Ligand code: NI
Ligand code: MN
């Protein structure tokens, strides 16, 4: 089964796999760098890592319009239900948990970050995700610091790691190179940079460091750019 993953700027991605469209952290209509608006995208599933506005984004509008199933943490799931997303369209997880879905398997990983909702409500534990599509494992670190337990995520082998490099709110370029050394993915794509001046980074300089310090192949995309899996 062929699959592709397209960067929609920041930590927003769309995955097309076996006829399913899976959105990750769909911060689109208010994103300075997203190449599409929320009204333009299709989705059967939405993976939502935590409650911050730059990840929650257009989740509610897209979920209501498309009927997509939202896979997120338990607390955000409860909150989305209160915002009118049907309970049967919500999968509430916690770190370490996994769930089988029609497109493949989703495992929620730890992420060292925070998570609050726009109304100030507790947003549960922030998540990363490991997706298994056929036999391909893809790790979305989402918003996190570097952590040595990434070696547990590396154990099954990774086709692709998607890492933040923006610094300030998440790991930056230096720590993300350490993450690549631990994760040992075949390919690595950066995100969560360049959206606003405080997280501006030179992704091409970062890619040179990936090449010289690790075995992974860096893939720097512009928003709208696609990786074939
Ligand atoms: Ni965040
Ligand atoms: Mn963020």
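All of the numbers you see were taken from the coordinates with simple rules; none came from a lab. Note that the coordinates shown come from a computational prediction; the quantities given were computed from them, not determined experimentally. Cβ sites come from the backbone with ideal geometry, for glycine too, and all protein chains shown count toward neighbours.
Determine whether residue 16 is surrounded by fewer than 21 Cβ atoms within 10 Å (Cβ to Cβ) and assigned to a loop (DSSP other than H, G, I, E, B). It is false that residue 16 is surrounded by fewer than 21 Cβ atoms within 10 Å (Cβ to Cβ) and assigned to a loop (DSSP other than H, G, I, E, B).
If residue 145 satisfies every condition in (1) within 16 Å of ligand 2 (Cβ to nearest atom); (2) surrounded by fewer than 21 Cβ atoms within 10 Å (Cβ to Cβ); (3) over 22 Å from residue 156 (Cα atoms) but one, which is the exception? So residue 145 meets the others, but not (3). Out of the residues in region 64-76 that are under 22 Å from residue 98 (Cβ atoms) and touching a helix residue (DSSP H, G or I) at 6+ places or on another chain (Cβ under 9 Å), state the one that is farthest from ligand 2 (Cβ to nearest atom). Across region 64-76, the extreme among qualifying residues is 69. For region 43-58, does any single residue satisfy the condition of being within 16 Å of residue 224 (Cα to Cα) and within 16 Å of ligand 2 (Cβ to nearest atom)? No, region 43-58 contains no residue that is within 16 Å of residue 224 (Cα to Cα) and within 16 Å of ligand 2 (Cβ to nearest atom). In region 141-161, which residues are without any contact (Cβ under 8 Å) to a residue 60 or more places away in the chain, touching a strand residue (DSSP E or B) at 6+ places or on another chain (Cβ under 7 Å) and not in a loop (DSSP other than H, G, I, E, B)? Correct list: 153, 161. Selection of region 110-140 for residues being within 21 Å of residue 217 (Cβ to Cβ) and touching a helix residue (DSSP H, G or I) at 6+ places or on another chain (Cβ under 7 Å) yields 130, 139.
Here region 7-52 is the region considered, the condition is being out of contact with any helix residue (DSSP H, G or I) (no Cβ under 9 Å at 6 or more places or on another chain) and at positive phi, and the residue that is nearest to ligand 1 (Cβ to nearest atom) is 9.
Counting the residues of region 162-219 that are assigned to a helix (DSSP H, G or I) and touching a residue at least 12 places away in the same chain (Cβ under 8 Å) gives 20. The number of residues in region 166-181 being away from ligand 2 (no atom under 16 Å from the Cβ) and surrounded by fewer than 18 Cβ atoms within 10 Å (Cβ to Cβ) comes to 3. Residues that are over 24 Å from residue 196 (Cβ atoms), in contact (Cβ under 8 Å) with a residue 40 or more places away in the chain and away from ligand 1 (no atom under 16 Å from the Cβ) are absent from region 80-94.
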